[in-house]
1. Under the definition of Cα pairs under 8 Å and six or more residues apart, what whole-number percent is the relative contact order of the chain?
2. State the label only: which of [x] 28.6; [y] 27.8; [z] 30.7 corresponds to Kirkwood radius over Cα pairs in Å computed from the shown model?
3. Measure off, as a whole percent, the carbon and sulfur share of the 1.4 Å-probe accessible area of segment 655-707, all protein chains present.
4. Taking the Cα centre of segment 165-283 as origin and charging only Cβ (+1 Lys, Arg; -1 Asp, Glu), how large is the dipole, in debye to the nearest 20?
5. Take every DSSP beta bridge whose two residues both sit in the chain, then give the antiparallel share in percent to the nearest 5.
6. At 1.4 Å probe size, with every protein chain present, just tell me what the per residue accessible area of segment 357-434 comes to in Å².
7. Run through segment 219-323 and list the chymotrypsin sites (Phe, Trp or Tyr not before Pro) located in a DSSP loop whose Cβ has at most 10 other Cβ atoms within 10 Å.
8. Just going by the charge dipole of the chain, with Lys and Arg at +1 and Asp and Glu at -1 on Cβ, which of ASN730, ALA482, SER752 is farthest out on the positive end?
Amino acid sequence: MLMKLSFYQLLAVLILLGVANQAQAQFVLSGQVTHQEDGGPVIGAAVYLPDLRLGATTGPDGKYAIRNIPKGTFTVQVSYVSHKAIIDKVSLTANVQKNYVMENSTLSLEEVIVSGASAKTIIKESPIPMTAMNNLQWLQASSTNLVDAVAKLPGMSQISTGVGLSKPVIRGLGFNRVITMHDGIRQEDNQWGEEHSIHVDEFSVDRYEIIRGAGSLMYGSDGLGGVMSLLSPRPLEEGRTVARLLSNYQSNNNMYGLSGMGAGNVRGFTWLARASTRSANNYRNSADGRVFGSNFRENLNVSGMVGLTKKWGYSRLYLARWQQQINIIDGARDAQGRFTQNIALNGADTVVAVPGGELSSRQINPANSQDLTNWKIASNNLFFVGSGSLSVNIGYSQNHRREFDNPLAPPNTPSLYFFLQTLYYDVRYSLPEKKGWETTFGTNGMYQLLNNRGAEVLYPDYNLLDNGVFVFAKKSWAKLKASGGLRYDLRALSINKLYIDGQGRFQTSPQGAVEERFAGFDRNFGNVTGSLGAVYEISPQFSVKANVARGFRAPSVPEISSNGEHAGTFRYEIGNVNQRSEVSLQGDIGLTYETKSLYFDLSLFTNRIDNYSFSERVLARSGQDSLVEGVPAFRYTQGNARLQGIEATFTFNPERARWFNFTQTYSLVLGRNLSASEPGARYLPFMPPPRWNTRLRLSRDKIGTWLRNGYALVELEHHQAQDRFLAAYNTETATQAYSLWSVGLGADVVDSKGRTRFSVYFSGQNLADLAYQNHQNRLKYLDANARTGQRGVFNMGRNLSLKVVVPLDVQGK
């Protein structure tokens, strides 16, 4: 208790010092941003100070002004579509006027990342591979959703269940081996599950930052594979108010999405409000026709922020409510190959063929669907304490996950209902830069509580407490940038008992039980993690980097205590009470070569994971699937594993023809089970196949009088055959190679003063309407179609997408 009091007393003193520090001087950074080609103003360029999380946007005259800046030296990033980002250092002891000239280029290689490091990290100076995708890149991408767009980046892929459900995978690792952060708060929504996506409104995300490698140092357990940070739009500069409307339509499943946003800043009082909705029909492909159960809807997602930005720092309060209803694709078909469904008929559970009209319906099936809702409130704070800064982030979320699978149940009665509450905190103090050193130390963790509220139970109630302390430092020399740190984590996990009643159903209460099925679980997991790496600049064009990192992941509750049929995955899951923590040792080595016309980046990695956990099918003595309650049984097991891979990017963007851009990327992950006792078990499940992405993009700043930032692109995404799969126990099968063609084009429509009136983004995916199955598509392993003999359900066919963004009002600029 004394240690806890001392910590909170120290925290209170630091906060008071930060508030008291508001008497310090404040300055203004202002200037103009112009085009290199003609000297004209750049309208809408972002000028951002990542150290302070402050920024401004240039107006019709190309001018900007950032106020409330304390004394000090800060990094400045200037970015604009189809131009090379500018990175600069500015020292402020008085008001400073700084002008910038932007070069037309489709290369933006020095974007600043603010997650995963003490305050800021320039991508090319980070020994840990990082990448980012902003809102504009998503708008221009040929994708069906945000995760689908991110999954095309080198080293990324996705576990998918139809179109509405996509889970990101980093270097072959996903689920709770990847930490998702949302505006500085850990996103907790049963991420170990395969059958739902991240519970965040994709329209609200302004930027997606990804750390490809162990992220345990800064965020603790579960950061084994990497960290993804989802960021809302930055607060506007003082005196500005904006509003915008975004619409999205997709032809394949008649999906429509609509999102409205308003934001402003009045004398340091900042605010943002957003409301969004999406609805989709069943998608189609040439092999299955309309895929029954693939439709979804998000009736109303709302989010917002209110905050105060002053010379002492800022304080912001975020609120979000996300809700999605989605049908479950079970792939069941009759002898004629027609999709079937279970309905209540004359008081009995009856299987019938799905009528043709219902295949084109947006209706949610009350007997085979999920209802997912996530509420969140978070406070983000930054205080200037002396020459350093104190960051304090606290968030609370409620996640409601309801699954319906019984047509005879009363209306709105879920079979499974998980109610998850999470309290997360993150406190960091960054020392001022001194002699090339930048140091941050802090603590973060969470308290989590889950209760079962459904008619059935898959795993028991539990609570866990995480806490970790860390120190991170960077040191800069003329040609060498080194960084690293250490962390210690402790997780206390307590899982309640599980009982079984007279009808064989699981329950959490001993009342009326006839047997104790799970004896309970109470254990602590602790570990030390860390990383050390460096980037060395051999020449202005050529640099090499290396990093070694140790990560860990404590076992999840399903891996320990599952013992029941999971409606969303159509399998019986069996946990392992002897699960141990996964511990990884990952090494990265890379090189980057960059000239004014060429860019080449190569990363090699190897990741040894002890006690790697995965689920495998349980077979009967006959060699056939063991069935429990009519569904195949899977059990969690562990073994040592090794993942190795390559990520490469080549871009040709001629200095004398900036309108031309050719980019080729390649990603490869090989996952081996080092503890396998038979040949068919030597590969890890859900590993993405080798992938080539080829893209030709043509762009132009000005097209006539009324068009700006025009672009056209052609993309070929080739997935090689996946013949390295977990064949043992009938867990996986080989996947054939396939290639997908995509196109895109768009532009901003402007008025006589050069201000954007609206923007149009058109794209087409899978133009050849190819019937294919992705190796990481869970639908690949559903029952075979009796008419065609083809197993599982195929991915989406040809799809045309149209996004339109309309600025409704602009004041101040």
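The values are calculated or read from the model by the stated rules, or taken from the named source; none is laboratory data. Computed from a predicted model, the values in this text were never measured in an experiment. Because the Cβ atoms are built from the backbone with ideal geometry, glycine has one as well, and the counts that use them run over all protein chains shown. We work out accessible area using only protein heavy atoms, side chains counted, and drop any ligands, DNA or RNA first. Shrake-Rupley method; radii C 1.70, N 1.55, O 1.52, S 1.80 Å.
1. Contact order relative to length: 11 percent.
2. For Kirkwood radius over Cα pairs in Å, the calculated option is [y].
3. 58
4. Around 260 debye, computed over segment 165-283.
5. 95
6. Ligands and nucleic acids excluded, the figure is 39 Å² per residue.
7. For chymotrypsin sites (Phe, Trp or Tyr not before Pro) across segment 219-323 that sit outside H, G, I, E and B with at most 10 neighbouring Cβ atoms in 10 Å, the list is empty.
8. SER752
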